[in-house]
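Values in this text are rule-based calculations from the coordinates and carry no lab data. All of these numbers come straight from a predicted model, not from anything done at the bench. So basically every Cβ, Gly included, is an ideal-geometry build from the backbone, and we count neighbours across all protein chains shown.
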Amino acid sequence: MDSKNPLVSVILPTYNRSNILSRAIESVLIQTYENLELIIVDDASTDDTEEVVSSYEDDRINYIQKTDNQGGAAARNTGILKSDGEIVAFIDSDDEWAPSKLQKQVDVFIKDAKVGVVYTGTTLVNNSKKTKGKVPTEKGYIYNKQLYMDNISPTSAVAVRRECFTLVGLFDPSLEARQDYDLWLRLSRNYKFDYVSESLVTIYREHEDRISSNISNRIQGQLRILKKIQPELETFGFIEERKIRSNHYLSIGRHAWIHEDYETSTKFTIDSLQIYPLNPFAFILLLLSMCGISPETQALQCINRIKKAVSEYSN
């Protein structure tokens, strides 16, 4: 790696998002870190995505147009394989970077050659309301913590040292969902993680589908990942193995609750408690789901306050 100025490949997969694509593209092109290439992978869009991309006269842009739609994971893999950068970063077509995002991540990579992944904090925008998103807390060799839950920010906030993909592989497009969590697990087994604590990525949720098929995909993807790691979990001992499995079911329950599918949330939260009945957060989520309390209410803030209080008490 160039010790001071490594090339960063930015992978931007898109599908029928021409109306909002410019926001993501421009947030990459105005980065204070200029030694980058932007690889836009058009996953067989049927709108005017090509016209939007061609309106930018910047030789750092490489536009790849696929003939068949294969999903975001496959599109990201296409971008990685076509890229030349020593660092690979990702941005979704409906998200936005702060101008200093890449520079601050590159600085972390340069500082520690053992770091394979650097992620940042995020801001969420839902119905034009801004809230704090993922706050980075975990760094170092975090594989055991990743087994319990995904501690890493969404893909748009993640950058990976290119050499890591040679050892652990790319995104798994056969998974129905959670391809990012699956990759972070494999990376964390072998490489150090670090973060920039600032919120440097804005995640827009206005365009997020809330149909039941997406919840079904989430269930299938999470359960398949759990099946992948089950042989390893059995080496952790009876209690820890059940805690981890319980957390995976609770993750499904929480996702369903966020999408206001209270029946599915109730089912998987009960499953989580049956596996490990001593998780207080599962009882809270079960109450919210059974009562049909929307995540749009103050309930989520209450949960966060309770979690913070429990964490402080534990420490």
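Of Ile61, Ile239, Ile225, the sequence from fewest to most neighbouring Cβ atoms within 10 angstrom is Ile239, Ile61, Ile225. Compared with the direct C-alpha span, the chain from Ser100 to Asp84 gains 3.6 nm at full extension, assuming 0.36 nm per residue. Pairs spanning more than 19 Å between alpha-carbon atoms, out of Lys104/Lys145; Lys104/Lys139; Lys101/Lys145; Lys101/Lys132; Lys130/Lys267: Lys104/Lys145; Lys101/Lys145; Lys130/Lys267.
Candidate values [x] 57, 41, 34; [y] 58, 48, 39; [z] 54, 49, 44 were compared with Cα extents along the principal axes in Å computed on the shown model; the agreeing label is [x]. Counting neighbouring beta carbons within 10 Å and listing from fewest to most, the residues Arg162, Arg23 come out as Arg23, Arg162. Using 0.36 nm per residue and subtracting the Cα-Cα separation, the extra length available between Glu232 and Ser55 on full extension is 58.7 nm. By other beta-carbon atoms within 10 Å, ranking Ser45, Ser54, Ser128 with the fewest at the front produces Ser128, Ser54, Ser45.
With K and R counted +1 and D and E -1, the other residues having a Cβ less than 12 Å from that of Lys192 yield a net charge of +2. Between helix 179-188 and the chain there is an angle of about 90 degrees, using the helix long axis and the longest principal axis of the Cα atoms.
Taking R0 as 51 Å, what's the FRET efficiency between Asn5 and Asn214 from their Cβ-Cβ distance, rounded to 0.05?
On the way: r = 40 Å, r/R0 = 0.79.
Working from the Cβ atoms, E equals 0.80.
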